[in-house]
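Below is one structure, written out as structure tokens; the observations come after it.
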Amino acid sequence: MSINIEEVRKQFPILETQVYNKPLVYFDSAATTHKPQRVIDKIDEVYKTLNSNIHRGVHYLSNQATLAYEEARNKVQGFINAEHSHQVIFTSGATAAINLVANSFGETFINEGDEIVVSTMEHHSNIVPWQLLCQRKKAVLKVIPINQDGDLEMEAYKSLLSDKTKIVAVTHVSNALGTVNPIQDVIDLAHEKNIPVMVDASQSVQHIGIDVQKMDCDLLVFSGHKIYGPTGTGVCYGKEDLLNQMVPWQGGGEMIHKVSFTETTYNELPFKFEAGTPNIAGAIGLGEAIDFVSELGVDNIAAYEDELLQYATNKLMSIEGMRIIGTAKKKSSVISFLINDIHPFDIGTLLDRMGIAVRTGHHCAQPIMDLYEIPGTLRASIAVYNTKEEIDQLVAALTKVAVMFA
Ligand code: PMP
């Protein structure tokens, strides 16, 4: 089956938006994807028909809400092929999930002098929580370099792994360059030395899919709002044994078994890591978004988006002065670029006036910009609702802008 683009687009009401009297052309899905009507309806339905707090009520609505929330967890479990649903912890996003890991794994396993390995191409949310941990524990952050194409330097990676390395935390796909990392090699090499690996799947789960058992990653995180789900949702998956060993991070209701002033004991997975009232409607909405993606088929989405990525890359290259930042061997859904020495913000602002939404700046990945010695880039990112016609519009607009500045 291939993607029926008219059918897909019909499901996203926001694509009807007019921007300055021009039809919206949205190439900022790496920041957040739009939501199909069924996700919007699902959230509406939750508040209209089953709004109630979960897990603690004896009454009808509370039971209905709990069932729907846990069904959403089962959907995530199936989607990433986790062995058990209790390995899926709902969070408010990838950032919250990484902070959970850095704090909880960090508190349990990281001591003075230990090393944590990340890469140069990480999003700030997979750098700063580890830096905070390193400051607290007097641990050391080691960084896998990348080459000018935006590929990980795998030999350097191997040489960073040692008895001191306690965790590797690496992104699957770079949000700033589009690089698809050889994540299986990253994991396998770490495992040869019994080092656990956390994968940031924020930019891969919606484009190329995830099978946590096949990957054998120890921890994996992603945001719900980048996979057609609501904002304020995310997931932290972990291997059961590891999650059981990790001390809780946030305390509060639901995460406890028994509280007293002499001793407090903690709840079992996944509740140990879900303190307080969660984003109930959001999680249920995320379940609906996962149904949307599953029904289209991740493989179909990947094939369609790859075609768009190729098409866009070739077309953009035809623009005078075009410089694509990130030319890795394998890429997904993101094209970062500059035109001559025009500031990306100026181009982004002019594109906006033509109805075209792209992102400008460092994309929360400043170390990458330092590497390329640039202040930032323009980033066009692709989702399943984009079309070749929209790419043509982007290329025509950029050509116009390049001429204006020349
Ligand atoms: N990791 C990557 C690779 C990302 O692209 C993002 C979002 N741009 C994040 C982490 C953080 O996600 P969020 O802001 O949704 O928590």
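Quick notes on this one:
- Here is the figure for the range 309-334: residues that are open to solvent by less than 10 Å² (accessible area, probe 1.4 Å), part of a strand (DSSP E or B) and closer than 18 Å to VAL205 by Cα total 1.
- Taken over the range 113-142, the residue count meeting the criterion of being in contact with a helix residue (DSSP H, G or I) (Cβ under 7 Å, 6 or more places away or on another chain) and in a strand (DSSP E or B) is 6.
- Unmet criterion (only one of (1) within 30 Å of ILE110 (Cβ to Cβ); (2) surrounded by 13 or more Cβ atoms within 10 Å (Cβ to Cβ)) for ASP291: (1)
- Residue within the range 139-146 that is within 16 Å of the ligand (Cβ to nearest atom) and open to solvent by less than 20 Å² (accessible area, probe 1.4 Å) present: yes
- Qualifying residue in the range 32-54 (condition: outside any loop (DSSP other than H, G, I, E, B), buried (at least 20 other Cβ atoms within 10 Å of the Cβ) and without any contact (Cβ under 8 Å) to a residue 24 or more places away in the chain): yes
- Hits in the range 86-112 - residues which are away from the ligand (no atom under 13 Å from the Cβ), open to solvent by 30 Å² or more (accessible area, probe 1.4 Å) and not in a loop (DSSP other than H, G, I, E, B): HIS86, ASN103, GLU107, THR108, PHE109
- ASP306 vs. criteria modelled with pLDDT of 95 or more, buried (at least 22 other Cβ atoms within 10 Å of the Cβ) and more than 16 Å from the ligand (Cβ to nearest atom): no
- So VAL46, is it outside the structural domain of GLY93 (by TED's automatic domain parsing), in contact with a Gly (Cβ under 9 Å, 6 or more places away or on another chain), away from the ligand (no atom under 16 Å from the Cβ) and at negative phi: no
- Every test in (1) open to solvent by 80 Å² or more (accessible area, probe 1.4 Å); (2) in contact with a strand residue (DSSP E or B) (Cβ under 9 Å, 6 or more places away or on another chain) is passed by HIS59 save one, and that test is (2).
- Residue ranges of helices (runs of 4 or more DSSP H) in the range 148-265 with at least 2 members open to solvent by 30 Å² or more (accessible area, probe 1.4 Å) and under 30 Å from THR33 (Cβ atoms): 183-192, 212-215
- The residue that is farthest from THR349 (Cα to Cα), among those in the range 369-402 that are assigned to a loop (DSSP other than H, G, I, E, B) and among the hydrophobic types (A, V, I, L, M, F, W, C), is VAL384.
- Residue count, the range 335-368 (criterion: more than 15 Å from the ligand (Cβ to nearest atom), assigned to a helix (DSSP H, G or I) and more than 15 Å from VAL395 (Cβ to Cβ)): 7
The values are calculated or read from the model by the stated rules, or taken from the named source; none is laboratory data. The shown structure was predicted, so the numbers you read here are calculated from the model rather than taken from an experiment. Note that we place each Cβ from the backbone using ideal geometry, even for glycine, and neighbour counts take in every protein chain shown. In case anyone asks, the SASA skips ligands and DNA or RNA and just uses the protein heavy atoms, side chains included. Shrake-Rupley method; radii C 1.70, N 1.55, O 1.52, S 1.80 Å.
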